[in-house]
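Taken together, the values in this text are just the output of simple stated rules run on the coordinates, not laboratory data. Every value quoted in this text rests on a predicted model; they were computed, and no experiment measured them. Cβ coordinates were reconstructed from backbone atoms using ideal geometry, including for glycine residues, and neighbour counts include every protein chain displayed.
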Amino acid sequence: MELEKVLETLEKLLTKWGLNRDDWILIANYAMSLLGYRVKIRKGHFNTVVNKDKLPWKSPEGFEIFPPKGSKEAREYSTWMKSTGFDTDLIAMSSQEVKNILKDTIFYQLPNKRKVRLLNAKGELKLLDDYLSHCARKEVGVEKGKYLLESIENFKKAAKEIRDWETVALAQKILEKYKHLRKEAKIKINFKKVKELGGTIAYRGKIRGKVRKILGKGDRIEKIKKGEILVTKMTSPKFVTIVSKVSAIITDDGGVLCHAAVLSREFKIPCIIGTKIATKVLKDGDLVEVDAEKGIVKILKKAK
């Protein structure tokens with residue numbers, strides 16, 4: 001589906017949830033692209049700020065949220081993703097926080113004459129600066145911080161092409177401010193000899209099951225079977241459509257307010273995040289015990 005048509009359907013969905021055009025803002029790569037910056041696009045993935053005070057459900061703690069399990073909105077959200085082939089992070093902000101960034105937005109008219117708000121380059125970098133401060137405190141995770149720094153490099157390069165020197169300067173200032181997030185001691189590990197791994201507890205519980213690893217674009221999330229343990233680098237909104245099948249979640253990256261942590265708490269699924277090496281150690285079919293009381297994953301039997 002064409003980008004503008006997808007935006008029309010997203011605007012329709014958010015209006016149905018009670019959000020008017022001042023209650024949500026399209027941000028990040030797609031917004032920058034529509035504003036004329038030649039940025040790299042993560043195909044099929046939006047980032048959308050939403051006013052959590054206007055949502056028809058109580059927003060849980062976290063930055064990237066989703067509708068509650070079993071709700072009408074959850075069904076509508078899943079239907080939107082399946083019908084468009086797109087997904088979006090819903091980034092929750094209070095009414096005051098949304099009001100503060102409205103001054104850095106631009107109206108964009110869709111083919112159906114409806115207008116949506118896009119965050120401009122200055123606003124984008126200010127938002128990323130704030131988000132990176134949470135990555136530095138490990139609420140979201142250092143790995144997420146590294147990814148965001150790559151996005152800023154991307155914006156800086158695109159701004160240079162159109163001689164937007166103010167954006168270039170601001171991007172460079174933020175890159176310098178958070179350059180320490182790129183530094184990490186490299187430890188040599190023999191992954192074949194690892195028998196257990198640890199991480200941060202996102203939701204407590206203890207369960208045994210077989211591993212199903214979901215990595216990049218080549219892995220279809222639909223292949224996961226009921227009762228399997230999801231192992232991934234980091235979850236995205238698309239995982240909402242299959243999370244009810246899994247018995248536990250293990251991730252390489254993330255902090256206590258990351259998407260996987262919020263998702264596991266909403267669905268009450270044992271979850272250990274920030275293991276660093278789960279996707280390198282665990283293979284499809286491995287029998288493991290997820291002890292999310294102690295923050296440990298034990299390998300009980302390797303798959304043949």
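Above 24 angstrom, tally the Cα pairs of the stretch 158-273 and express them as a % of all pairs, no decimals. Distances greater than 24 Å cover 44 percent of the Cα pairs. Roughly how many nanometres apart are two label points built 7 Å out from the Cα toward the Cβ at Lys43 and Ser94? Inter-label distance under the simple model: 4.1 nm. Remark on the stretch 1-95: ratio of C-alpha radius of gyration to 2.2 N^0.38 Å is 1.05. Calculate, for His180 and Lys245, the FRET efficiency according to 1/(1 + (r/R0)^6) with r their C-beta to C-beta distance and R0 35 Å; round to the nearest 0.05. For His180 and Lys245, the calculated efficiency is 0.35.
Mind sorting Leu3, Leu90, Leu263 by how few other Cβ atoms lie within 10 Å of their own Cβ, fewest first?
Listed from fewest to most nearby Cβ atoms, that is Leu3, Leu90, Leu263.
Computed from Cα atoms, the angle from the helix 121-136 axis to the main principal axis of the chain rounds to 20 degrees. In this structure the amide hydrogen of Thr105, modeled in the peptide plane, comes within under 5 Å of the amide hydrogens of Asn120, none closer than 5 places in sequence on its chain.
About its Cα centre, the chain has a charge dipole of approximately 1280 debye under the convention of +1 per Lys or Arg Cβ and -1 per Asp or Glu Cβ, with nothing else charged.
Each of Ile25, Thr84, Gly145 was placed along the dipole of the stretch 3-182 (beta-carbon charges, centred on the mean Cα), and the one lying farthest toward the positive end is Thr84. Annotation: amide H of Lys206 within the under-5 Å range of Ala292, sequence separation 5 or more or interchain, hydrogens built in the peptide plane. Karplus-derived 3J(HN,Hα) values for the stretch 257-274, using 6.51 cos²θ - 1.76 cosθ + 1.60 with θ = phi - 60°, are 10, 6, 4, 4, 5, 5, 4, 5, 5, 5, 9, 6, 10, x, 8, 10, 10, x Hz; glycine and proline are entered as x.
Charges were assigned to the Cβ only: +1 to each Lys and Arg, -1 to each Asp and Glu. The resulting dipole of the stretch 191-301 about its Cα centre is roughly 360 debye. Could you work out which residue, out of Lys173, Lys69, Lys193, moves most in a Gaussian network model of the chain, that is, has the largest mean-square fluctuation with Cα springs under 10 Å? Looking only at Lys173, Lys69, Lys193, the largest GNM fluctuation is found for Lys193.
In this label model, Lys113 and Asn20 are separated by 1.9 nm, measuring between points 7 Å along each Cα→Cβ vector.
Computed from label points 7 Å out along Cα-Cβ, the spacing between Lys12 and Ile106 is 2.7 nm.
Using the Karplus relation 6.51 cos²θ - 1.76 cosθ + 1.60 with θ = phi - 60°, the per-residue 3J(HN,Hα) values for the stretch 92-109 come to 7, 9, 6, 4, 5, 5, 5, 4, 5, 9, 4, 5, 9, 10, 10, 6, 10, 8 Hz, with x marking Gly and Pro. In this structure, Lys146 and Glu196 have a Cβ-Cβ separation that, at R0 = 30 Å, corresponds to a calculated FRET efficiency of about 0.70.
Where both bridge residues fall in the chain, DSSP classifies roughly 60% of the beta bridges as antiparallel. For the residue pairs Lys157/Lys276; Lys16/Lys144; Lys5/Lys82, alpha carbon separations beyond 20 Å are given by Lys157/Lys276; Lys16/Lys144.
Considering only Thr167, Gly70, Leu110, the residue lying farthest towards the positive end of the dipole of the stretch 3-182 is Leu110, judged by Cα position with unit charges set on Cβ. Per residue, the Cα convex hull of the stretch 137-201 amounts to 114 Å³.
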